[in-house]
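Q: Next up is a structure, given as structure tokens.
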Amino acid sequence: MQPYSIYAPSVYEMIINATSDKIFSIDMEWRVVSWNSTLVRDTGIATEKAKGAPLLSLFPFTEKDEQLRKAIETALSGETAFLSSGGDVASRNAYESHALPLKNLEEQVEGAVVIMHDVSHRMDAENKLKQLNDDLNDKCSELEKISRELSAFTLITTSELQHPIRNIYTGLELVIKSEGRKLSDGSKANFRRMQSSLSRMNLLLDDLTQLAEAGNVLKEKKIFALAPVVEKTLERLQKKTTEKKAVITTELVPEIFASPEMVEQLLYHLLDNALKFSRPSVTPAISLKIALETEGEKKYARIAVSDNGQGIPPEEIPRIFNMFVQYPRDPRPAGTGIGLSLSEKIAQAHQGWIAVDTTPEVGSTFTCYLLQSS
């Protein structure tokens, strides 16, 4: 039985002629042994003419293409080689090339086969994707600029508005004190309602300022102790807590990595929300738990505020994090409608999110996740 040789006709030629890749093989003297139909169409050189001809006479560029020449030499030495597209030679720019040794049954190298795969379609797709990515980056930069300008405008506007509001409030207070004896009870009540409206406007401006500043949270991140921040938040809510006779319990980790100022605002709004929507006939029981959790390769600070309050009807849940959304069913004075929206923005600024689990007339749990490490 004759040993297998690369010169022997076989199904190999049928296979290489069926593919759209450029495929040729050479012997140890760099003479062409096979030349597939794709090369015939691409070069105009018939298979019969190519066979036996020196490769360099058919592909003169090979002599100048050092990478391809070394890849073929590697294959002739018995090893495989791969060349990515985009070589120095223009004719190989859109092709990935594989150079493989051809061995007989005795594992002796008799030549090499080179497969050149056309990746122009992929390169076109990559170029289009790159262009889309560049356009997207330009749009993102433009949006970031607009966002910074809007934040600056909001901060300046709220600051400018707060000063005259304070002056009007103080002026009304002076009128009530100095002219109180001359004013009717109805007039005094009207003045107090005006002051209440001014206080509400001032509160709204404070929330808008916090909302505008939330985008700068990444510049303020650091490791900080939670206990002082929680204590300060509870002090701010002391009056409401006492009025409601609420019981607030805490369970904290020692420290987390975040913006202390923003975490304080987050805790304030979540706890204030729990106090605000307590049930009239039920003593408010509120728990604050802050722990560290791992999701995949990322670590998060998990902040959960649970209450036994009114809960949220299912139809309102999709809207609760929208700005200025309030609860029309609550007959008591409402807030600004920004607290939960601000809480979500703070979570997102920390590469996290916020979610709610709620049952009407049973209570709610708001859970916020803040990224600790990427």
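The values are calculated or read from the model by the stated rules, or taken from the named source; none is laboratory data. These numbers were taken from a predicted model, which means no experiment stands behind them. With ideal geometry, Cβ positions are generated from the backbone for all residues, glycine too; neighbour counts draw on all protein chains shown. Surface accessibility is based on the protein's heavy atoms, side chains included, excluding ligands, DNA and RNA. Shrake-Rupley method; radii C 1.70, N 1.55, O 1.52, S 1.80 Å.
Q: Can you give the Rg to Rh ratio for the chain, taking only C-alpha atoms and Rh from Kirkwood?
A: 1.34
Q: First measure r as the distance between the Cβ atoms of residue 31 and residue 132, then evaluate 1/(1 + (r/R0)^6) with R0 = 56 Å and state the FRET efficiency to the nearest 0.05.
A: E between residue 31 and residue 132, to the nearest 0.05, is 0.75.
Q: Then there's this: Using label points projected 7 Å from each Cα along Cα→Cβ, tell me how many nm separate residue 298 and residue 236, to one decimal.
A: 2.6
Q: Ignoring everything but the protein chains, give the 1.4 Å probe accessible area of residue 249 in square angstrom, nearest 10.
A: Taking all protein chains as shown, residue 249 has close to 70 Å².
Q: Modelled label-to-label distance, residue 163 and residue 185, 7 Å Cα→beta-carbon offset: nm?
A: 4.1
Q: Residue 322 versus residue 105, label points 7 Å from Cα toward the beta carbon: distance in nm?
A: Modelled inter-label distance: 7.9 nm.
Q: Hey, another quick one. Given the rule -39500 (n - 2.57) for each run of at least 4 DSSP H residues, summed and divided by the residues of the chain, what is its mean residue ellipticity at 222 nm, to the nearest 500 deg cm²/dmol?
A: Rounded to the nearest 500, it is -15000 deg cm²/dmol.
Q: Quick one: 3J(HN,Hα) in Hz for the range 94-99, Karplus 6.51/-1.76/1.60 with θ = phi - 60°, rounded, Gly and Pro as x.
A: 9, 10, 9, 10, 10, 10
Q: So which helices of the chain fit the span-like rule, where a helix is a whole DSSP H run, its Cα atoms reach 24 Å or more along the axis, and its mean Kyte-Doolittle is at least -1.0?
A: For the chain, where a helix must reach 24 Å along its axis and average at least -1.0, the hits are 120-178, 185-213.
Q: Report the full-extension gain for the segment residue 120 to residue 194: residue separation times 0.36 nm, less the Cα-Cα distance, to one decimal in nm.
A: Difference between extended and current length: 19.5 nm.
Q: Amide H to amide H, which residues 5 or more places from residue 292 or on other chains are under 5 Å from it, using H placed in the peptide plane?
A: Under 5 Å from the amide H of residue 292: 302.
Q: Once amide H atoms are built 1.01 Å from N in the peptide plane, which residues 5 or more positions from residue 110, or in another chain, come under 5 Å H to H?
A: Long-range HN contacts for residue 110: 102, 103, 104.
Q: At R0 = 35 Å, how high is the FRET efficiency between residue 361 and residue 227 if r is their beta carbon distance? Nearest 0.05 is fine.
A: 0.55
Q: A further question on this structure: Please give the solvent-accessible surface of residue 361 in Å², to the nearest 10, using a probe radius of 1.4 Å with every protein chain present.
A: Only protein atoms counted, so the area is about 110 Å².
Q: Could you put 177, 70, 276 in order of accessible surface area, largest first, with the 1.4 Å probe and the full protein assembly present?
A: 177, 70, 276
Q: Report relative contact order for the range 48-149 in percent, whole number only (criteria: Cα-Cα under 8 Å, sequence separation at least 6).
A: Taking the mean separation of contacting Cα pairs over the length of the range 48-149, I get 17 percent.
Q: If I take R0 = 22 Å and measure r between the Cβ atoms of residue 15 and residue 51 in this structure, what FRET efficiency does the formula 1/(1 + (r/R0)^6) give, to the nearest 0.05?
A: The calculated FRET efficiency here is 0.80.
Q: Something else about it: Among 144, 179, 96, what's the order by accessible area (1.4 angstrom probe), most exposed first?
A: Solvent-accessible surface, decreasing: 144, 179, 96.
Q: Relative to the compact globular guide of 2.2 N^0.38 Å, what is the alpha carbon radius of gyration of the range 162-295, as a ratio?
A: 1.38
Q: Please work out the C-alpha center-to-center distance from the range 96-119 to the range 356-370 and express it in whole Å.
A: Each part reduced to its Cα centre gives a spacing of 64 Å.
Q: Using a 1.4 angstrom probe on heavy atoms only, work out the carbon and sulfur share of the accessible area of the chain in %.
A: 55
Q: Rolling a 1.4 angstrom probe over the protein chains, ignoring ligands and nucleic acids, what is the accessible area of residue 353 in square angstrom, nearest 10?
A: The accessible area of residue 353 comes to roughly 100 Å².
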